[in-house]
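Just so it is clear, none of the values below were taken in a lab; they were calculated from the coordinates. Quantities reported herein were computed from a predicted structural model and do not represent experimental measurements. Every residue, glycine among them, receives a Cβ derived from its backbone with ideal geometry; neighbour counts consider all protein chains shown.
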Amino acid sequence: MERVAFRRAVAADLPAMLRLLADDEVAQARGGYGADVTPEVAAAFDEIVRGANNELWVGECGGEMVAMLQLTLIPGLSRAACAGRWSRRCACVPTCAVAASARR
């Protein structure tokens, strides 16, 4: 498999991101995931990418999106208040999906 190149997500990525989220056994069992870009989903995307403590990333391989994740930076008390790059913030990954073709 080629290397996966990661970049920040843009609005045009949203349909492919939703397909990745919906194409997962755990998500299907849980329900509530669909591949349609509804006004609510578009609003959530906009809120996430505008937020100072959130980032959406996609991974591409061979011109195809094979991964996506949401990275949320939160204040933390452990590890010396997560000192360093993010100024007392710790990283949390509340959403992550990998295409079946890219899983090992």
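Per the helix-only calculation at 222 nm, which mean residue ellipticity applies to the chain, given -39500 (n - 2.57) for every DSSP H run of n ≥ 4 and division by its residues, nearest 500 deg cm²/dmol?
Values: 4 runs with 32 residues, N = 104.
Calculated at 222 nm, the ellipticity per residue is -8000 deg cm²/dmol.
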(request) Would you calculate the volume per residue, in Å³, of the smallest convex hull containing every Cα atom of the range 30-69? (result) 108
(message) Can you give me the long-range amide H partners of THR95? Hydrogens built in the peptide plane at 1.01 Å from N, cutoff under 5 Å, separation of 5 or more residues or another chain.
(response) GLN70
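Taking the Cα centre as origin and putting +1 on Lys and Arg beta-carbons and -1 on Asp and Glu beta-carbons, what dipole magnitude results for the range 5-99, to the nearest 20 debye? Each step should come with its number before you reach the end.
Values: 9 positive and 11 negative charges, 140 e Å.
About 680 debye.
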(message) Taking 0.36 nm per residue of sequence separation and subtracting the Cα-Cα distance, how much length would be gained by fully extending the chain between ARG19 and VAL49, in nm to one decimal?
(response) 8.9 nm
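So what's the projected area for the chain, the Cα convex hull averaged over all directions, in nm²?
Working: hull surface 31.7 nm².
Over every viewing direction, the Cα hull of the chain projects on average to 7.9 nm².
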(request) Would you please give the residues with an amide H less than 5 Å from that of ALA9, counting only those at least 5 places away or on a separate chain, with H modeled from the backbone geometry? (result) LEU56, TRP57, VAL58
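Could you please rank GLU40, GLU55, placing first whichever residue has the fewest other Cβ atoms within 10 Å of its Cβ?
Numbers: GLU40 8, GLU55 16.
Ordered from fewest to most neighbouring Cβ atoms within 10 Å, GLU40, GLU55 come out as GLU40, GLU55.
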(request) Could you work out how far apart the two model spin labels at ALA11 and ASP36 are, taking each label as a point 7 Å from the Cα in the direction of the beta carbon, and quote it in nm? (result) 2.0
(message) Can you tell me, using C-alpha contacts under 8 Å and at least 6 residues apart, the relative contact order of the chain as a whole percent?
(response) 27
